[in-house]
Number of protein chains: 2
Amino acid sequence: MIFLRDNTLLERPLRFEDIKPRLLGHWGTCPGLILLHAHLSLLIRNHDLDMIYVIGPGHGAPAALACLWLERSLENFYPGEYGVNREGLGRLIARFAVPGGFPSHINAETPGAIHEGGELGYALAVSFGAVMDKPDVIVACVVGDGEAETGATAAAWHAHKFIDPRESGAVLPILHVNGFKISERTIFGTMDDKELVALFSGYGWLVCIVDDLEHIDEQLYSALEWALAEIHTIQQAAREEKPILKPRWPMIVLKTPKGWTGPKEIDGKILEGSFTSHQVPLPKANSDKAHLTALQEWLSSYRIHELLDPEGHPVPIVAHILPQNETKRLGRLRLTHESYTPLNEVPWHPFSFPKGADASSMKAVGNYLDAVFQANPHTIRLFSPDELESNKLSSILTHTGRNFQWDEHSFAKDGRVIEVLSEHLCQGFMEGYTLTGRTGIFPSYEAFLGIVSTMVVQYGKFVKIAKQGGGGSRRTRWRGDLHSLNYIETSTWTRQEHNGFSHQNPGFVGTVLSMKAEFARVYFPPDANTFLYTLHHCLESNNLVNLLIGSKHPAPTYLSPEEASLHCSRGAGIFYFASSPGDVVPNIVLVGIGTELTFEVIAAASLLHTLVPHLRIRVVNVVDLMRLSAEGSHSHSLTLGEFEELFTADKPVLFNYHGYVSDLQALLFGRREGVGRMWVRGYREEGSTTTPFEMMVVNGVSRFDVVKWAIKRGVEGGVLGEGEGGRVLNQIERKEQSVRGFIREHGKDPDDMYDMPKFE
Amino acid sequence: MIFLRDNTLLERPLRFEDIKPRLLGHWGTCPGLILLHAHLSLLIRNHDLDMIYVIGPGHGAPAALACLWLERSLENFYPGEYGVNREGLGRLIARFAVPGGFPSHINAETPGAIHEGGELGYALAVSFGAVMDKPDVIVACVVGDGEAETGATAAAWHAHKFIDPRESGAVLPILHVNGFKISERTIFGTMDDKELVALFSGYGWLVCIVDDLEHIDEQLYSALEWALAEIHTIQQAAREEKPILKPRWPMIVLKTPKGWTGPKEIDGKILEGSFTSHQVPLPKANSDKAHLTALQEWLSSYRIHELLDPEGHPVPIVAHILPQNETKRLGRLRLTHESYTPLNEVPWHPFSFPKGADASSMKAVGNYLDAVFQANPHTIRLFSPDELESNKLSSILTHTGRNFQWDEHSFAKDGRVIEVLSEHLCQGFMEGYTLTGRTGIFPSYEAFLGIVSTMVVQYGKFVKIAKQGGGGSRRTRWRGDLHSLNYIETSTWTRQEHNGFSHQNPGFVGTVLSMKAEFARVYFPPDANTFLYTLHHCLESNNLVNLLIGSKHPAPTYLSPEEASLHCSRGAGIFYFASSPGDVVPNIVLVGIGTELTFEVIAAASLLHTLVPHLRIRVVNVVDLMRLSAEGSHSHSLTLGEFEELFTADKPVLFNYHGYVSDLQALLFGRREGVGRMWVRGYREEGSTTTPFEMMVVNGVSRFDVVKWAIKRGVEGGVLGEGEGGRVLNQIERKEQSVRGFIREHGKDPDDMYDMPKFE
């Protein structure tokens, strides 16, 4: 697949013209992956298993695709293209890694795959997520010794401690040690057996090493049978209510040479068993006679004519190892491609608050999710990096618990909640859970979701290809819809005044904004009711990445449940209660985005109404950030007419925004000439352990900053006289100094600072 | 420190007025941290060690600050403020975690600290970086059992395998198991001793468990003496040229209850030994009599009057454990705060290429760094996630090697290069190395630097406070300058055609752009000479985060070394060779940013000169992205005059940009009304395993896209007639179809696709 574009059955001696012009692909990992595909298939056949094969070394796509061709999975999903015959094989080989063919890495086009084969480190965590609440499923997960060096993988070896063998399936990890990365030895390749066994025993595994190259088939298959028996023992005990304390799940360490069975050497360089076989072992096969000869010898060594008949059909002994039930073959398990299970809907209104009530959005969310979990006991889970309590979400635990098996005191081993201090694990679990048809929620401190930003981007790539196909004829319509990934950011920088600077980072918004617009949503519901509406909406959505950002602290409820519905369904709207009275064209527009930032805008409006009642103000709140993107660039973006209805056609607009100003500047860039009348304020990387209000001040987004901006615009626009403007600015300056003086003196904000301002 | 604002020596019974209005801080981890500070101090005293104390649980700032006060380090760096007397102690306590005082987390204001105490996971990797090339230094690194769950930490336990005991110092990890995170048991807290010893033995450590609470002092100090002896044995053997193969470095597992010595319970909830003691154990101490009484009892139990005299001076027995040599105390080691060692400069001109030559920027970088390493054998290192070879940087290895101790075949154990497939480790190593005065370089695939984006943001916070102080009087002038962090991104999406979609992610640019402008630099040198100039410039800089993005593939050298110097020092400039002849006002401006994107602009210009010679074109290249930021927002930003000199005052401008368009849109937003005439094209999350040119096409940034844009603007501007424009668009459409047809047929780009276009 890496080399040939013709003569794929070696029916005549290879010529340069048979070789692709660009040799792309990765050989080194392939022999081990194929060996495993074959043995796992036999295991499935012999035990009628529901098995998924997650391949960490996703650059080994040739191995996966070859086996999927042989087992007819490619033919099933791409009928007429990749039939198990001479023509189908020729097409698979010739079109691999060329424009229009399968890409060089496993992706959503690969049947059976639930993991993007790009960035390394996440295969194991994804595998664990996939078996949760699926008691009959086993994921065989191969982890390369390169990938094993990553932190995400190093943490994931603990993940069996979150698997309740009664309610969930099992992961069988296979650490594939071939000794080399791209150009260097691996850490695991230099560890001896004692070190390996000690390490993985310490993690809690029962380790079997498979390394006898002379008898690799017997040894590997025996190891798989052993592992299966161990898994069944653990599961059976738990399911008969006699659970084993700290069960030691089996794992396999498979040691085979990198590029095994490939050419031994070329141009004086060792290939087999060396990093030089990582990618294309004979890079000059299309121009150098020696390379071509070596290729001919290598490929001939597989004696393809003994395995396929002249028509390209496998001989019986090859087909014999495949599961008889085709839907159990590794490329065919329905769980890997069927549509998700929609949630039983739970209305949000019963959890809402009356207008005017002080309410914490996160407490509301906790109560609501408690009900959602009760209504959906096996299809939704929450993954949290040890922040449930401090994010005020703990009422989620009213009817469920934390699912941690290693804690003998735990009373709720089958709880819906996993808390582990690794964002990578939380994200990997959620991906695996979602890609097998269920729903995940990931609440987090705002500052620390960025830890998984590249994982989210990788996941987004998988979903994009799953939904849009990879171009050419390889449409992926056979993949069903997925539930969305749902992130809740709270404990944001605006209320990190007790942790301070290190806990301030709203950068994850930018990650979501840079994804394909079709799949990305960012919401800033300003109060509990709007948050509940938005969460309910997200739990009804699919194929998206939903990011919701809100407060855990009590804050005013601006809108009744009915008003909240209308406001959120529009995504943005005028807060008439805080705007100048009457339906008139304003002089200036003040926009709040985010709970605290909106509150400051409202407080500023209140000050302005008192100080300069003749300055006509409109207050706007934006919930759905995508509304601001350039017309036509996102399905949610406001048309020019809608935009001007909210923000006027020509008046100065101040956006008081929760995140980095660059997020909003990029969105608003699409408004072209209009940019000249827009100002954006937002988080500017300032702060410390101080009071909540001081955090607003040092980032230039406090009510006083808003008022000052408004007065300046009022003067510029001729609504206020120069003298009047100056006087008001002085008043505001004094007011601000007095507040800051109080804070310095008393070490806290004035008590009335966050009372809801009164409006006439 | 968490509670009191007055009566800090308990000279009278506590009253509500003695308590702070806002109780902020973290108690649970503090007892263990203080215990360690004391014992490490005694160890230093007894052995005259150069020791750094890296504290993973950085929210334990009260513990660190209390000890640093006692050992006079606070007094040394903040003279007159935190003297070791009654007044200084009162100030330290009263001002902790209130506006203007020390924040609640360890940061650059904390003497001796080389690690921001926020995001968890990196303490261990930072510690290893700090001891590299410092044979006499030992870092005692405490890792909490919460932090130990993170992937970054789980990977870092392997890091001793990159420490050559001959040339480098040692890290003594102390895993502090107190059993609980914020609200849940920890994984490590539920592992028994056999599991712990197995796990860490597998990693290669020699483990000592300290857990006898009755005799904790004797046991802990003995363990430290044992560890020191083990370290010396390993180091001595290596330094006498009899190195121990796979030396087993010592580590300590310290088990003490969370919140040890604190209140036992309150309101029926257990405190000591539970997660409830994580933060503020008596949250109503300023309003509830029972809480206040419990506080009184708790604080009294330490019998402060036996430890300090009435003037607040420690009694002799307390002072006795401190190192006699004050500059060896944990807050004082010069390595933790002195200015960095500048590099011996290596001129870049000898490595440059003649104008017109085809050259790979990365090969040029490799040759140059080889010389830099020779000139600086102990003060610069390169950290790479296994991509040196595939990024074409391998000539760096000409005179040095990879420093991997576990490989018995390694012939260059003291090499300047560390390759480990963990971006977290690379980043942590580089941070520790840089924060102790040396220079690090981190080359990476573009797509995978984002893995450490939040780490870079955390590091940036440390540097910001180090350079600007934390506000109030706590200036940090005592911290010297640091070398910059230097990132080289290559194998970018534009040339990921063989890996495809999963390897495409230019998002790290956005991370750097969102940092404080004072510390952030992003460069896109378009050819080898400009890359060399820029790298040389970065290696002369300090306190910055430098991001350089370029190509590993051969590409035309547009500028002579002299021209490259001038162009780069200006940061942006007109490419006259590709622009319409004569120094006239152009009709349109085409801007290239990034190697391949600039090439497409140049190719487009060449096509346009032939097709529509009367359309006057200016070609501009931007090297220094910060030049485009709003006037005044960055020290590098162009003034309005400079901006218009390059981009005209009113002509249409197309930016053909390497990264996400949002990066540039946000920068250009600051040009206000001017935005209306600017178009930004860039990476739009499309691609697969295909040809390099196809990658340009699917992202809308190919030469043909540029030409089409130019023709449309030419027609709009009246320079081209409608009919003429239509004809040319048709021509271009046919040309594009023919190229794409060739690609589909031959599986490669036409051979002349990347030949330098001819200009008259």
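When restricted to Cα atoms, segment B:353-405 yields an Rg and a Dmax of 12.2, 44 Å, respectively. Here the convex hull built on the C-alpha positions of segment A:349-549 has a volume of 130 cubic angstrom per residue. Spherically averaged projected area of the convex hull of Cα atoms, segment A:159-233: 6.2 nm².
All C-alpha to C-alpha distances of segment B:571-746, sorted into 5 Å bins beginning at zero, yield P(r) values of 1, 8, 17, 21, 20, 15, 10, 4, 2, 0, 0 percent in whole numbers.
Take each residue in A:492-505, count the other chain C-beta atoms within 10 Å of its C-beta, and the mean is 6.
Which value, in debye to the nearest 20, gives the size of the charge dipole of the protein assembly as shown about its Cα centre, when Lys and Arg are +1 and Asp and Glu are -1 at the Cβ?
For the protein assembly as shown, the charge dipole is close to 2120 debye.
In a simple Cβ point-charge model (Lys, Arg +1; Asp, Glu -1; nothing else charged), segment A:571-746 has a dipole of about 360 debye relative to its Cα centre.
For chain B, the extents of the C-alpha atoms along the principal axes are 95, 62, 43 Å, listed from largest to smallest.
Residues A:272, B:745 in ascending order of nearby Cβ atoms (within 10 Å, fewest first): B:745, A:272. Filter A:264/B:355; A:258/B:255; B:712/B:758 down to the pairs with a C-alpha to C-alpha distance above 31 Å, please. From A:264/B:355; A:258/B:255; B:712/B:758, over 31 Å: A:264/B:355; A:258/B:255.
Compared with the dominant Cα axis of chain B, that is its longest principal axis, helix B:289-300 is turned about 80°. The order of B:329, A:495, A:570, going from fewest to most other C-beta atoms within 10 Å of their C-beta, is A:570, A:495, B:329.
Around residue A:722, what is the net charge, scoring Lys/Arg as +1 and Asp/Glu as -1 over all other residues with Cβ under 12 Å from its Cβ?
0
As a proxy for reagent exposure, B:663, A:705 were ordered by neighbouring Cβ count within 10 angstrom, fewest first; the result is A:705, B:663.
The mean count of C-beta atoms from other chains within 10 Å of the C-beta of residues in B:451-460, rounded to a whole number, is 5. Of all DSSP beta bridges confined to the protein assembly as shown, the antiparallel ones make up roughly 20%.
Once you average over the residues of A:113-125, how many Cβ atoms of partner chains fall within 10 Å of each Cβ?
On the way: counts 0, 0, 0, 2, 3, 10, 9, 6, 8, 1, 0, 0, 1.
Taking all residues of A:113-125 together, the mean is 3.
Taking the empirical scaling 2.2 N^0.38 Å for compact globular proteins as reference, segment B:1-151 has a Cα radius of gyration ratio of 1.09.
When the charge dipole of segment B:349-549 is built from unit charges on Cβ atoms (+1 for Lys and Arg, -1 for Asp and Glu) and taken about the Cα centre, the candidate among B:460, B:362, B:546 whose Cα reaches farthest toward its positive end is B:460. With contacts taken as Cα pairs under 8 Å at a separation of at least 6 residues, segment B:501-603 carries a relative contact order of 28 percent. Annotation for segment A:662-700 versus segment B:253-331: alpha-carbon center distance of 42 Å. Computed over every Cα-Cα pair of segment A:120-281 and binned at 5 Å starting from 0, the pair-distance distribution P(r) comes out as 2, 9, 17, 20, 18, 14, 10, 5, 3, 2, 1, 0, 0 percent. Counting only Cα atoms, the size of segment B:595-667 along its three principal axes is 40, 25, 17 Å, in decreasing order.
Given Cα pairs under 8 Å that are at least 6 residues apart, what percent is the relative contact order of chain B? Mind showing how you got there, number by number?
Details: 1602 pairs, mean separation 85.8, N = 760.
Relative CO of chain B lands at 11 percent.
Which net charge results for the neighbourhood of residue A:319, defined as the other residues with beta-carbon distances under 13 angstrom from its beta-carbon, given Lys and Arg at +1 and Asp and Glu at -1?
With Lys, Arg at +1 and Asp, Glu at -1, the net is 0.
Look at the alpha carbon pairs under 8 Å that are at least 6 residues apart: their mean separation over the length of segment A:349-549 gives a relative contact order of 22 percent. Show that you can apply the helix-only estimate: for the protein assembly as shown, add -39,500 (n - 2.57) for every DSSP H stretch of four or more residues, divide by all residues, and state [θ] at 222 nm to the nearest 500. Estimated from H runs of four or more residues: -10500 deg cm²/dmol.
Under the shape rule built on the C-alpha gyration tensor, where the axes satisfy a ≥ b ≥ c, segment A:64-168 is oblate, since a/c reaches at least 1.5 while a/b does not exceed b/c. Based on the alpha-carbon gyration tensor of the protein assembly as shown and its eigenvalue square roots a ≥ b ≥ c, which shape applies: rounded if a/c is under 1.5, prolate if not and a/b is larger than b/c, or oblate? Note, shape of the protein assembly as shown comes out rounded. In a reduced charge model with +1 at each Lys and Arg Cβ and -1 at each Asp and Glu Cβ, segment A:349-549 shows a dipole moment near 1060 debye about its Cα centre.
We did not get these values from a lab; they are worked out from the coordinates using the rules stated. Everything numeric here is computed off the predicted structure, so don't read it as measured data. All Cβ positions, glycine included, derive from the backbone under ideal geometry; neighbour counts span all protein chains shown.
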